[in-house]
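A short write-up of the structure that comes next.
Please treat every number below as a calculation from the coordinates, not as lab data. What you see is a predicted model, and the numbers here were worked out from it, not measured in a lab. Reconstructed Cβ throughout: ideal geometry from the backbone, glycine too, with neighbour counts over all protein chains shown.
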Amino acid sequence: MSDAKIRVRQVGKTFVSERREVQALQSIDLDIQPNEFVTFVGASGCGKSTLLRIIAGLETLSRGEILLDGRPIDGPGVDRAMVFQHYSLYPWLTVMKNIKFCRQLKVIADQVRGDADIETASGRADALLALMGLTSFADAYPSQLSGGMQQRVAIARALLPKPATLLMDEPFGALDAQTREVMHDLIRHVHRLEKSTILFVTHDVEEAIYLGSRIVLMAPRPGRIDSIYEVPLPAQRHQDMKLAPEFTELKREILARIRETSGMQTDLEQLARLSAVAG
């Protein structure tokens, strides 16, 4: 579609070492629309994180093309921000200073022209602190925060320069189940407020369904898109929706397909046959 925020065309990625070549991605075609929330699932090694890193400008592609707002991606930019599973906060900086600190200092410096811009950025940091429920922890250090709170700081830092695209690579993977639910509702709220385009990689199918408007299922060896699912849920969501028949049916369908594409189904069948012989 001509109005796609991100257009991926025939993208391939090959990692080359002294001993061998590994084809991580093969012939990836995908359009992401503005303000869309797309989640990516699939077995380990299917290239989900590699694709995200290429879109972030942290990896180069070997073949094909990725266009962002109609222009080729040639490196990181202030229009994109990435949140990882590991928070990567600076332990010697307070919460507020972590949020204000940006690794893309040169990119940010190019945009900050004077005191008014600095004041605006400071006001946005205060607003993001409030949005994340961290106002009373502005002067705390990362070691004084729980895992969920540290991840909120990392998300606030990523949002500071108002990125049009937010890339999230298993950001809640290390959190306990209860904290994950809180973070799910928080990131959905952020999506509504910021109107950003979000690409979210996860191994948790339930998480993918609850968060996304579309789910991209990738298959391994080599990494490729196997199927894309539309999520049959309204924009406004709540945790009880996970009990709805359409939710559980979609979860069952996606899990079955992941087992098939990863070869796990065959392995289980082989194990059953071996067990029968042994018996």
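Structural remarks
- Calculated over the chain: convex hull of Cα atoms, volume per residue (Å³): 177 Å³
- Order by protection proxy (mean Cβ within 10 Å, highest first), peptides 137-149, 204-216: 204-216, 137-149
- Helix axis angle, 264-278 relative to the chain longest principal axis, alpha carbon, degrees: 40 degrees
- HN-Hα J in Hz across region 7-12 - Karplus 6.51, -1.76, 1.60, θ = phi - 60°, x for Gly and Pro: 10, 10, 10, 6, 7, x
- Full extension of the chain segment joining Q33 with F15 gains 3.6 nm, where the gain is 0.36 nm per residue of separation less the Cα-Cα distance.
- Helix axis angle, 245-262 relative to the chain longest principal axis, alpha carbon, degrees: 70 degrees
- Nearest-0.05 FRET efficiency for S136 and W92, computed from C-beta distance (R0 25 Å): 0.75
- Under the Karplus curve 6.51 cos²θ - 1.76 cosθ + 1.60, θ = phi - 60°, whole-Hz ³J(HN,Hα) for region 138-144, x wherever Gly or Pro sits: 4, 9, 7, 9, x, 5, 8
- Cross-link pairs K48/K100; K162/K242; K97/K162 - those with Cα-Cα distance over 27 Å: K48/K100; K162/K242
- The chain: calculated mean residue ellipticity at 222 nm from DSSP helix runs of at least 4, using -39500 (n - 2.57): -12500 deg cm²/dmol
- Extension gain, R221 back to E181 (0.36 nm per residue minus Cα-Cα distance, nm): 11.2 nm
- The magnitude of the dipole of the chain, with charges of +1 and -1 set on the Cβ of Lys/Arg and Asp/Glu and taken from the Cα centre, is near 460 debye.
- Straightening the chain between R63 and S213 buys 51.2 nm, computed as 0.36 nm per residue apart minus the Cα-Cα spacing.
- Helix 147-159 axis versus longest C-alpha principal axis of the chain: approximately 70°, rounded to the nearest ten.
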